[in-house]
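Asks: Here's a structure for you.
What follows draws every value from the coordinates through simple rules; no lab data is involved. Being a predicted model, the structure only gives us computed values, none of them experimental. Methodologically, a virtual Cβ is constructed for each residue, glycine included, from the backbone with ideal geometry; neighbour enumeration extends over all protein chains shown.
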């Protein structure tokens, strides 16, 4: 009995110390968020969402536009339930409101409800941004749910939140991302034509590989398959996108770029207007350089996406990014981005324009089938740890015919000059002023009413950003 | 039985004597909260503060952390920077 008692004591003490000597990893409740306020005066930003493209919307390019003036806000709240370094749930929500309220379709049938910006608030405007489970089974990381994804092509094919199953595997110097994402479910959206759930959908398959040759140089090979078999216009497509991309550092100089080519077909579908047999031959090229000079960094970049000169033939020669599909309950926003040019009005840039109502001349990187050549120069200066300023100039051409058909019309879309200057009031609170002006080029010659030249687009924004 | 109780008590007090609370780190100490999410009781860092702290810990380098631990801190820094980018980035 004595021996037994001792054993019990020893076992109990051992167990107790094993449990308490190495405290179990804390369950972390992480909260983060963002609040952004913008006061805007612009003849292009007009309170609407970042539509696919405004290239050919003359209402935004009138001879004499009146300046829109409005205020809006965006809040984001992120909660991460972290059980360990290897297991967490990420939830991320968004609340947008225009001061005074707006009753766009995403708040219910137009006219029945608004965001929370109108008198006495109450609008239902909590949106899901991301909800996904993130766990590691070494050497692979799994993400399952509605998650953010940006392609290896700097966002020009797909940069969005989407429902996906994604894996990231690191072996030695190689990283492989493989993902399946269902971007539309035809049955769930109530589209006629599918017989059962899972029958007619739009899916994207992703394979991103990256190999670090050394600490400073990485090469990547990517393959994306867009399989859009929704029973509606723009469906019946199998589109393959293959690309080679790379980045490297040489002293103070950073270089990056990619080359991408597309191939694939659209099947003939007499039941759906516009879905006739076509073949895809788009391509895109990019090169960028950044070098530290003085109190900041000088940047230069060029992007080319191919255009389609003849929309009526069976060959789609233009670059084809993923797009939101009309009539599927989406807000009609663009899901491709190009940030490195630093443009505010010419091309969709998700870094500087990050609220709900940004407008662009080139909303999607295909430039509505016309393709794009954008050359940009910029300088980011950190004048003091709290005071910063950056300036950019960009020149844009349509790769194929512009919209103007008058004599002397050209493919040159315009030159943008923009400046942003800001001050950090606190570590987490920044105030800034943004100003951008576009001198429209020959592509817009005589496109306003009565064959007049449209007014040059501009925007001025006062921004307040709190992130924590 | 008394002996049993005494031994149990002793074992228990020894086990809990090691403080589980976050304390100010000296230059030579590891920050267990950042490294292994231990002893973070009551702490809530803004994402910028977390990035700043991770950078400071990574700077301590090989004197304090092993190569694996530095890699882990670097991964956490990448994750924190990703969260900040995700919050600030546009897109509806």
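Asks: Let me make sure I get this right: for region A:221-296, a, b and c are the square roots of the gyration tensor eigenvalues over alpha carbons, sorted descending. Under 1.5 in a/c it's rounded, otherwise prolate if a/b > b/c, else oblate. Which is it?
Replies: The shape class here is prolate.
Asks: For every helix of n ≥ 4 consecutive DSSP H residues, a contribution of -39,500 (n - 2.57) applies; sum these over the protein assembly as shown, divide by its total residues, and give [θ] at 222 nm rounded to the nearest 500 deg cm²/dmol.
Replies: After summing the helix terms and dividing by the residues of the protein assembly as shown, the value is -4500 deg cm²/dmol.
Asks: Please give the helix A:2-21 orientation as an angle from the longest Cα principal axis of chain A, in degrees from 0 to 90, rounded to the nearest 10.
Replies: Roughly 20 degrees between the two axes.
Asks: Please say if chain A is rounded, prolate or oblate, where rounded means a/c under 1.5 for a ≥ b ≥ c the square roots of the C-alpha gyration tensor eigenvalues, and otherwise the choice is prolate for a/b larger than b/c and oblate otherwise?
Replies: Here chain A falls in the prolate category.
Asks: Please compute the average number of Cβ atoms from other chains found within 10 Å of each residue's Cβ in peptide B:29-41.
Replies: Other-chain Cβ atoms within 10 Å of each residue's Cβ, averaged: 2.
Asks: Please give the residues of region A:75-114, grouped as numeric ranges, whose backbone N is less than 15 Å from a label point set 7 Å along the Cα-to-Cβ vector of residue A:135.
Replies: Those under the cut-off are A:81-90.
Asks: Follow-up question, since we're still on this one. Find how many whole Å separate the alpha carbon centroid of region A:190-255 from the alpha carbon centroid of region A:448-462.
Replies: Cα centres, region A:448-462 to region A:190-255: 36 Å.
Asks: Follow-up question, since we're still on this one. Under the 0.36 nm per residue contour assumption, what length would be gained going from the current alpha-carbon distance of residue A:142 and residue A:180 to full extension?
Replies: 12.5 nm
Asks: Would you mind classifying region A:319-447 by shape? Square roots of the alpha carbon gyration tensor eigenvalues, ordered a ≥ b ≥ c; an a/c under 1.5 is rounded, otherwise it is prolate if a/b is larger than b/c and oblate if not.
Replies: Oblate shape, in that a/c is at least 1.5 and b/c is the bigger or equal ratio.
Asks: Take the alpha carbon atoms of region A:260-303, find their center, do the same for region A:361-406, and report the distance between the two centers in whole angstrom.
Replies: So the two Cα centres are separated by 15 Å.
Asks: Let me ask something else about it. Which length gain, in nm to one decimal place, applies between residue A:168 and residue A:124 when the Cα-Cα distance is subtracted from 0.36 nm times their residue separation?
Replies: That pair, residue A:168 and residue A:124, stretches by 12.2 nm at full extension.
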